[in-house]
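Please read the structure below before turning to the comments.
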Amino acid sequence: MALNCAALPPTLIESELFGHEEGAFTGAGKKRQGRFELAHGGTLFLDEVARIPLETQVKILRVVEYGSFERVGGSRQVQVEVRIIGATNADLPEQARKGNFLQDLLDRLSFEVLFIPPLRERREDILLLTNYFASRMALELGLEEVPDFSDEAEQVLLSHPWPGNVRELKNVVERAIYQAHSATIDRIVLDPFEAPFDICYERDPFSREVEAEPSTMPPPGSLFEGKSYSEAEAEFEVGILLAALERARYNQRQAADLLKMSYHQFRWLYRKHRKAIEAQVPPQGHE
């Protein structure tokens, strides 16, 4: 039996785990067994175990210690024999030190601790998972054949750091299969929000705090000497962009992060002043 503890509100997790008696609360029209009873003699998998409320953790600890519990609204002891497996991406020892997770329960659950490496640390799994997700998506779409990934597409998949791990890979592969128009997939879209044209999501691209190297900025007074407002404004924007690019070693995404801007905001400004910027940027810094 499995339960995703993050998918339920805290008020329902206890009832879902331990069941309830008839009339225990509004809507409890009949007695209901919980996951512990249903998993008797087997295994109960608790995903996102760090999300379990403290009061429910106390009751789980009693099951671990004594193999018994009471249903919500009941007084009779229910005996079970269940193996518990928990999973989380949280630092449980740190959560216990902060008082968000019972130390006693952590001690009992940590009989065996397994660390699953992130996808970037097991790149030999990437193409295996890619083919698996591609086959499933092709079946779901009713395709007669599963499209192949070109060598270039596979290289993109293998070189990406996958901060979202397997879930991110699954989304990328399914999107590629859905959008495929031939038997071979040559292009992989890693970021579906990267627009193919100039776009600015905010009317004022300088509405956020700006960080830049002050040494590359012109003195404030010099901006307006013999220039119109629009010329001074353009020079000011170019100076900020150049400072951020130099600091980010001409990586535009990192430069956008330094300026507290979205990548699309940065690209909008970059294209606006492309000629002025590229006249002052080394050739290797051009996109």
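Scan the range 213-265 residue by residue and report those that are among the aliphatic types (A, V, I, L, M), at pLDDT below 85 and in a helix (DSSP H, G or I).
L223, A232, A234, listed by residue number.
Which one is farthest from the chain's Cα centre (by Cα) among residues in the range 37-91 that are among the basic types (K, R) and farther than 28 Å from P117 by Cβ?
R76
If you scan the range 250-260, which residues turn out to be under 15 Å from V238 (Cβ atoms) and surrounded by 19 or more Cβ atoms within 10 Å (Cβ to Cβ)?
Scanning the range 250-260 gives A255, L259.
Looking only at the range 41-52, which residues are exposed (fewer than 15 other Cβ atoms within 10 Å of the Cβ) and part of a loop (DSSP other than H, G, I, E, B)?
Listed by number, the residues that qualify are G41, G42.
Return the residues of the range 266-283 that are among the aliphatic types (A, V, I, L, M) and part of a loop (DSSP other than H, G, I, E, B); say none if nothing qualifies.
A279, V281, listed by residue number.
What about L157, is it surrounded by 17 or more Cβ atoms within 10 Å (Cβ to Cβ) and in the same structural domain as L61 (by TED's automatic domain parsing)?
Judged against the criteria, L157 is not a match.
The values are calculated or read from the model by the stated rules, or taken from the named source; none is laboratory data. What you are looking at is a predicted structure, and each value in this text was computed from that prediction instead of being measured. Don't worry about glycine lacking a Cβ; one is built from the backbone with ideal geometry, like all the others, and counts go over all protein chains shown.
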